[in-house]
Each structure stands twice: as C-alpha cells, then as structure tokens.
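Remarks on the structure that follows.
The values are calculated or read from the model by the stated rules, or taken from the named source; none is laboratory data. In this text the structure is predicted, and so the values were computed from the model without any measurement. Please note: Cβ atoms are built from the backbone with ideal geometry, for glycine as well, and neighbour counts cover all protein chains shown. Remember, those area values only see protein heavy atoms, side chains included, never the ligands or the DNA or RNA. Shrake-Rupley method; radii C 1.70, N 1.55, O 1.52, S 1.80 Å.
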Amino acid sequence: MGEGILYRVSGPIISTKKTSGIVMNEEVRIGEEGLIGEVIGINAEEATIQVYEDTTGIRPGIKVYGTNKPLSVELGPGLLSQTFDGIQRPLTVIKKEQGIFVKRGAKPPPLSREKEWKVDIQIKEGDIIGPNSIIGEVKETTLVKHRILVPPDAMGKVVEIIESSTYKVNDTICILQDEEGEKRELKLFHSWPVRKKRPFIKRLPPEEILFTGQRVIDSIFPIAKGGVAAIPGGFGTGKTVTQHSLAKWADADIIIYIGCGERGNEMAEVLEEFPKLKDPRSGKSIMERTILIANTSNMPVTARESSIYTGITIGEYFRDMGYDVAIMADSTSRWAEALREISGRMEEMPAERGFPAYLGSRLAEFYERGGRMEVAEGRVGSVSIIGAVSPPGGDFSEPVTTHTKHFIRALWALDTELAYSRHYPAISWTESYSEYFEEIIGWWEREGIDMENLRNRVMGILMEESHLQQIAQLVGERALPEGERLTLKVAELIKEGFLQQNALSKVDAYCSPKKQFRMLKVILDFGETARDLLNEGIPLFKIIELPIFSEIKRMGEDIRNDEIDKFDKLEDKLNKEFEELRKEYG
Ligand SMILES: Nc1ncnc2c1ncn2[C@@H]1O[C@H](COP(=O)(O)OP(=O)(O)OP(=O)(O)O)[C@@H](O)[C@H]1O
Ligand SMILES: [Mg+2]
C-alpha cells in the first residue's frame with residue numbers, strides 16, 4: 001500500500017511529502033481517524049489530495065494511506081430510494097433542523113450488505129458473456145427491475161453460476177474464466193471509478209421526446225431522451241421548482257436528483273417532499289425510481305465537486321440496463337464554484353472570474369456523458385441531463401452560463417421579469433431554444449398531433465407580439481390597428497392560457513400530450529375565428545368581452561387530463577358565442 005506524510009493543509013486540500021506507491025485518483029485515508037480523500041495531483045514526491053470531510057484538527061506529520069483503488073461507486077441492487085452524499089455515503093436523514101449527517105472518517109457501504117434480494121438468473125454454465133451482459137434480474141422496487149450486469153471490464157466463459165434464489169449483494173453469483181484461464185468472481189454489485197465514464201457500443205441519435213408534462217417545454221422547447229438541457233436563471237426565478245417538476249413528472253424510468261450545494265433547508269425539503277410524491281403512472285412513491293444525491297452548502301466543497309460524477313456514473317449504470325435515466329443537477333454553478341475554490345487552494349492560475357481554465361472542459365465532460373446509447377446485447381438506454389445554472393445577478397454572460405451553452409442543445413432561460421410578474425414557469429420564449437424539436441417530431445406525429453404546425457403558428461404570434469409591443473410602447477396600444485391588437489390578445493391567451501403553468505396545482509402541474517394539443521388548438525381557433533369576425537366589421541372589444549376569452553385562460557386549471565372531452569364543449573361554446581355575436585351585428 002502506498003503512503004505519504006502530510007505537510008500542508010489548506011481547507012479541504014492537503015499535500016503529502018515522501019509519497020510512495022500512491023497514484024492519481026486513488027482513494028486515500030488520512031490519519032488515525034481515516035478521513036476519506038482522493039488524489040487529485042501527483043508528482044515524484046508530492047501528492048495533492050482533496051478531503052471529503054472537515055479537516056479541522058488535521059496536522060502536518062500525520063500519515064496518509066493509499067487504498068489501492070480509485071475512488072469508486074458501488075453499483076448494484078439497493079441504490080433506488082436512497083439518499084447519498086457526493087461520494088456515495090448513505091445519508092441518514094435525522095431531523096429537518098439538524099440537517100444531514102455522516103460520522104467523520106466513516107464510510108458505511110453504500111449498498112446494504114445484510115439485505116437479501118431474490119435473484120432470477122438468466123444465464124447458464126458455458127455461456128460466453130462480456131461487458132454489460134445481463135446475468136439476472138432482481139425486482140428492486142415495485143417499479144424497477146434491476147438487471148445484474150457483467151462489469152464493463154470483465155468477460156469470459158461462465159464456469160460457475162448460482163441458482164435463482166435469495167442472495168446478498170456481496171455473495172458470489174457467477175465465476176467467469178477468460179481465454180488465459182484467469183478466473184473472476186462476480187457479485188450482485190460491482191464497483192466503478194467515479195470519474196471514468198462507462199463504455200458503450202455506440203451513440204444513437206435522439207428520437208423520443210422526454211415527455212415532462214410541462215407545456216412550454218414539451219410543445220415549444222422539448223428535450224429528447226438522452227438530451228442535454230440547461231436552466232439558467234437569476235436568484236429565485238424558479239430553477240428548483242422546475243427541476244422538481246421534471247423529477248416528478250418526466251417519463252424517465254430512473255430519476256437521479258443531484259442537489260448540489262444548495263441551501264441546507266432546500267435539500268431537506270427535497271428529502272421530505274420526494275418520498276410523499278406519487279409516480280403518476282403507477283401511484284407508487286416516486287422514490288421507487290429515484291436516487292437522491294444531497295450535498296448542501298455546509299458540506300465540504302470537495303463532496304460537492306464529486307457529487308456530479310457520482311450521480312452521472314450511477315445514471316450510466318442504469319442506462320446500461322437499458323433504461324431511460326434523467327439526471328437533474330441543481331445547481332451546476334455551485335459545482336463550478338467548488339471547482340474554483342479547490343483550484344484556488346491549489347494555487348492554480350485563475351482564468352475568467354477566478355474560475356480555473358479547465359472549467360469549460362469539465363462542463364463538456366459532464367454534458368457529454370448524456371446521450372442515447374446502444375449498450376450491449378442490442379439494448380438501448382439513455383441519460384438525459386438537465387443542469388440548473390445560477391448566474392450571479394442573473395447575468396447570462398458569466399463563464400458558467402456561456403460555457404454551458406456550448407454543450408447543451410436545449411436552453412430554458414428563466415426571465416427575471418417574467419418571474420417578477422409571476423409568469424411561471426418563467427421560461428423566456430425569446431431566449432430559450434431547443435435543437436431537439438425536429439428530431440422528436442415523429443413522436444408527436446405518432447400521437448396524431450401536428451405539433452410542428454401548431455408550434456410554428458404559436459411562435460409566429462409570439463414573435464409578432466414582441467415586435468408590436470415595441471411599437472405600442474412608442475405610440476400606445478390604442479394607436480395600433482384592431483388586427484394587430486387582436487394579435488396582442490391572442491398572445492395574451494398563449495401566455496396566460498398555455499405557457500403559464502402552476503407547478504403547485506393538483507390539476508395543472510402535469511399536462512398530458514392530448515391536453516397540450518387541445519389547449520393550443522382552442523387558442524388558435526379563437527384567434528382565427530376572431531380575425532374573421534374582425535374582418536366582418538365586429539369590433540375587437542366585443543370579441544374579448546366574450547366569456548370564452550377568460551375561460552380559455554383558465555382551462556389549464558379547469559380541465560383535468562382525464563376530461564379531454566370538455567375541450568369539445570369549449571370549442572362548441574367558442575363557436576356559439578361567436579355565432580351569437582355575428583347575429584347581433586348581422
Ligand atoms: N412553475 C411554477 N409554478 C408556481 N410557482 C413557481 C413556479 N416556478 C417558481 N415558482 C415560485 O417561485 C419561487 C422561487 O422558485 P425557486 O426556488 O425554484 O427559484 P430558484 O431559481 O431555484 O431560486 P434560487 O436562486 O434561490 O435557487 C417558488 O417558491 C415559487 O413560489
Ligand atoms: Mg434553487
């Protein structure tokens with residue numbers, strides 16, 4: 001085993017001298033207490049180590065020991081429903097006020113060694129198996145079948161295999177023999193280095209939508225399964241609420257929620273709220289398909305730095321089973337700030353705003369781990385990544401936001417003014433974009449919905465509206481011709497009736513594809529019919545006085561997902577009210 005002598009402590013970063021046998025990224029233990037650290041820099045004599053615990057009381061002269069393995073995560077049954085910290089220590093949630101605790105120097109196994117799992121074996125002696133082959137299945141929760149995978153670095157002939165029965169994660173379930181006759185024991189779980197991406201066969205183009213039930217996202221700026229998106233937004237503009245909505249409603253098989261350096265109480269809310277939430281498809285707790293990684297701002301910045309990698313590695317593991325995984329990271333800015341602090345303590349040359357020069361490449365590495373992949377045995381899985389970004393002062397020209405924009409393909413930009421006027425979600429329709437729309441359009445087509453047409457019309461109206469607003473500011477709205485004022489009114493319906501969506505409402509928090517379509521349709525029908533009436537000489541004020549105008553604004557809240565036929569009634573009402581108005585002027 002390697003070791004070294006500690007000679008310098010700078011917060012969570014320590015250095016050792018007389019270092020031998022220790023390698024880059026190795027997990028190390030510090031002093032008698034055995035604090036957990038990871039080698040992040042090494043040369044002939046010296047190692048730089050980031051420590052994942054409070055280093056108070058750690059003095060030069062004490063010994064640092066190698067562990068002979070890279071800092072790793074454990075992958076196997078028992079991950080789901082759990083809450084881990086940034087290096088996968090299982091967290092015991094005590095009380096809300098007390099926060100989240102782990103004992104110093106303790107690294108309890110992330111996966112329970114006691115729990116028994118019923119394993120259904122799917123291979124036999126003599127089979128040749130390789131990376132990510134399925135050995136068997138465990139029903140981990142009522143929602144998820146956990147597929148026991150051959151580790152990505154193992155392959156060979158099955159020389160021994162257990163029978164389907166009940167086992168613990170540490171039991172040997174299979175012995176492989178490679179061409180050289182070398183044997184390897186496989187267990188119900190395996191470890192994988194936290195900073196190493198898991199291999200796959202090939203990257204596939206995104207095709208399916210990651211349906212979120214959030215109208216402005218699905219209909220206007222969608223994300224694909226395997227897509228990468230960012231939510232930049234100033235203080236209090238709704239990043240966390242949006243991330244929570246996605247975690248609750250997105251149609252992914254597995255959700256990994258990384259609470260990265262947000263306020264302690266905010267994370268405690270997640271820990272309290274999530275277990276109470278029901279999965280909309282099954283009625284079970286969403287924790288049955290969720291893993292939380294919790295790093296509050298009062299934990300060492302190093303744990304925050306690694307939480308992103310821990311989360312994504314677990315995500316890739318479920319992808320390798322053939323699942324669609326969605327990862328939410330809130331907030332990547334807090335993670336970048338951790339990088340900045342660590343870099344500063346290592347006395348590296350700072351670049352823009354004190355961030356290290358490698359900020360961009362680290363962000364790239366993170367987002368590149370998203371995607372839809374062919375993994376093994378013809379299975380396809382995906383990892384979608386949605387990162388919140390908190391630019392100081394809401395200034396999107398700062399480094400984390402600008403770098404992030406290079407690597408993501410959907411941007412949901414939160415607008416401070418929209419948030420201020422309580423237009424939620426405050427996703428700006430002028431600054432946001434999605435490059436996935438074209439790629440996933442086939443999904444809407446299969447639902448029988450011509451979303452391309454609807455979206456183009458809606459975006460056309462919104463663009464025209466922002467142009468007209470500029471003119472209206474100069475000359476006053478009343479000076480605009482009635483046709484243009486009608487455009488403003490239809491845009492008002494789009495904004496208030498469609499784009500706004502109350503995340504806290506029972507009825508409106510989730511909007512089905514059909515409901516999204518019918519809502520858009522009724523708004524556009526209103527616009528078209530109203531324009532006909534206007535051309536027939538009926539004044540605009542009469543049109544917007546119709547009860548249907550305000551009813552359309554309320555339809556998100558008034559019509560439940562399972563009452564789609566109410567839209568027929570709404571359309572009938574629209575036609576009737578317009579007909580009556582015609583008669584009045586006829
Ligand atoms: N979709 C929504 N529906 C209803 N209310 C919302 C929505 N989005 C945001 N809000 C309101 O805005 C408040 C602030 O939202 P949130 O905490 O998500 O902001 P944030 O951007 O994460 O803030 P911070 O910068 O502090 O992390 C919420 O408490 C809620 O009242
Ligand atoms: Mg927040």
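Can you work out which of the residues in region 152-173 that are of a type in the set (A, V, I, L, M, F, W, C) and not in a loop (DSSP other than H, G, I, E, B) is nearest to residue 201 (Cα to Cα)? Break it down into steps so the answer makes sense when it comes.
Restricting attention to region 152-173, the residues satisfying the condition of being of a type in the set (A, V, I, L, M, F, W, C) are 154-155, 158-159, 161-162, 169, 173.
From what's left, not in a loop (DSSP other than H, G, I, E, B): 158-159, 161, 173.
Values: 158: 22, 159: 26, 161: 26, 173: 26 Å.
Once the filter is applied, the top-ranked residue is 158.
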Open item on the list: Could you go through region 154-161 and let me know if any residue there is surrounded by fewer than 21 Cβ atoms within 10 Å (Cβ to Cβ) and within 22 Å of residue 369 (Cα to Cα).
Closed with: yes
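Of all residues in region 413-424, how many are away from ligand 1 (no atom under 11 Å from the Cβ) and either out of contact with any strand residue (DSSP E or B) (no Cβ under 8 Å at 6 or more places or on another chain) or open to solvent by less than 10 Å² (accessible area, probe 1.4 Å) (or both)? Spell out how you get there, then give the answer.
Kept after step one, since they are away from ligand 1 (no atom under 11 Å from the Cβ), are these residues of region 413-424: 413, 415, 417, 421.
Adding the requirement that they be either out of contact with any strand residue (DSSP E or B) (no Cβ under 8 Å at 6 or more places or on another chain) or open to solvent by less than 10 Å² (accessible area, probe 1.4 Å) (or both) leaves 413, 417, 421.
Residues in region 413-424 being away from ligand 1 (no atom under 11 Å from the Cβ) and either out of contact with any strand residue (DSSP E or B) (no Cβ under 8 Å at 6 or more places or on another chain) or open to solvent by less than 10 Å² (accessible area, probe 1.4 Å) (or both): 3 in total.
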Open item on the list: So, residue 446, is that one away from ligand 1 (no atom under 16 Å from the Cβ), assigned by TED's automatic domain parsing to the domain that holds residue 339 and charged (D, E, K, R) or not?
Closed with: no
Open item on the list: Every residue in region 213-244 that is within 12 Å of ligand 1 (Cβ to nearest atom), open to solvent by less than 10 Å² (accessible area, probe 1.4 Å) and more than 16 Å from residue 332 (Cβ to Cβ), please.
Closed with: 213, 215, 216, 217
Task: Filter result (within 16 Å of ligand 2 (Cβ to nearest atom), open to solvent by 10 Å² or more (accessible area, probe 1.4 Å) and part of a helix (DSSP H, G or I)) within region 369-412 - done: 392, 393, 394
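Restricting attention to region 178-191, and to residues there that are without any contact (Cβ under 8 Å) to a residue 60 or more places away in the chain and open to solvent by less than 60 Å² (accessible area, probe 1.4 Å), which single residue is nearest to residue 140 (Cα to Cα)?
Top of the filtered list is 186.
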Task: Filtered residues of region 302-331 (kept if farther than 19 Å from residue 74 by Cβ, open to solvent by less than 30 Å² (accessible area, probe 1.4 Å) and in contact with a Lys or Arg (Cβ under 9 Å, 6 or more places away or on another chain)) - done: 304, 322, 326, 330, 331
TODO: Test residue 10 against the criterion of being of a type in the set (Gly, Ala, Ser) and surrounded by 15 or more Cβ atoms within 10 Å (Cβ to Cβ), and give yes or no.
DONE: no
Task: Conditions (1) more than 16 Å from ligand 1 (Cβ to nearest atom); (2) open to solvent by 10 Å² or more (accessible area, probe 1.4 Å); number of the one not met by residue 334 - done: (1)
- [ ] Return yes or no: is residue 564 of a type outside the set (Asp, Glu), in a loop (DSSP other than H, G, I, E, B) and over 41 Å from the mean Cα position of the chain (by Cα)?
- [x] no
- [ ] Looking only at region 425-437, decide whether some residue is over 18 Å from the mean Cα position of the chain (by Cα), surrounded by fewer than 19 Cβ atoms within 10 Å (Cβ to Cβ) and not in a loop (DSSP other than H, G, I, E, B).
- [x] no
